[in-house]
Amino acid sequence: MIKIHQARKAFGRVQVLNGIDIEIAKQRIVGLVGPSGSGKSTLLRCIQGLERLDAGEISCDGPVGFIFQDFQLFPHMTVLQNITYAANIKNKDKDNEKLANELLARLGLTSKAHAYPEHLSGGQKQRVTLARSLMIHPNTLLCDEPTSGWDVATTSDVVTLLKSIQQKGMTLVIASHDLDFLAQIAERIILLKEGKIGADVTLNSSSAYVEHLKELCNST
Ligand code: ADP
Ligand code: MG
């Protein structure tokens with residue numbers, strides 16, 4: 001469950017969030033769309049508590065996982081070390097490695113467990129950050145442009161994985177340009193525009209409707 005009430009956030013003179021109200025029920029997958037600079041990343045960062053609102057309130061079921069747009073993997077650690085690092089600090093346990101290996105297998109990364117991030121493609125790094133965020137058993141998962149660098153096959157694996165996680169009770173908010181991806185996974189799409197909510201719709205997966213949303217995102 002995520003509740004956002006009258007959220008406001010400015011950077012200098014730019015009022016990025018200008019009174020945003022959103023309620024997202026538990027176990028929903030919501031897409032967040034909008035033109036570049038419309039505040040999608042800022043809103044996710046405020047939900048996570050990485051950024052403070054100027055006014056308004058956000059409450060959210062924890063723990064909250066975050067998949068960053070720019071990966072933020074440790075370059076001097078292997079894939080497996082990156083994934084287990086935070087979980088091991090919290091609770092040093094053999095099960096951490098078992099869970100990490102299961103997640104790597106589900107994401108098609110078993111052969112990369114001992115590789116360093118510099119030897120991975122963008123899509124592989126993104127899947128490693130997904131595995132890492134799932135180690136903390138989040139109730140809420142925030143994803144910032146998760147599909148950048150993925151190919152079609154990877155996207156369908158990740159859609160399957162995220163849907164199976166949703167079944168276990170997780171709420172997901174996914175900021176993305178990629179409406180074709182969101183159409184496969186999201187039940188609801190929220191459009192941010194000029195600091196406000198420009199549209200908030202329950203998704204009907206007809207392609208004509210997705211095209212209509214694309215137009216809404218691209219028109220300024
Ligand atoms: P989106 O993810 O939709 O592309 P962002 O949330 O990244 O949009 O950015 C929204 C606006 O806020 C942009 O104008 C951006 O330049 C500005 N902005 C974001 N973060 C900062 C920051 N830390 N300092 C100053 N301006 C920022
Ligand atoms: Mg962004």
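Taken together, the values in this text are just the output of simple stated rules run on the coordinates, not laboratory data. For clarity, every value in this text was computed on a predicted model and none was experimentally measured. All Cβ positions, glycine included, derive from the backbone under ideal geometry; neighbour counts span all protein chains shown.
Among the residues of segment 70-103, which ones are surrounded by fewer than 12 Cβ atoms within 10 Å (Cβ to Cβ) and aliphatic (A, V, I, L, M)? Within segment 70-103, just 89 meets the criteria.
Which residue out of 128, 173, 158 is among the aliphatic types (A, V, I, L, M) and assigned to a strand (DSSP E or B)? Every option except 173 fails the conditions.
Annotation note: Cβ proximity below 9 Å between a residue of segment 138-153 that is more than 13 Å from residue 71 (Cβ to Cβ) and a residue that is in a loop (DSSP other than H, G, I, E, B) and within 11 Å of ligand 2 (Cβ to nearest atom) (sequence gap 6+ or interchain) occurs for 147/176; 147/177.
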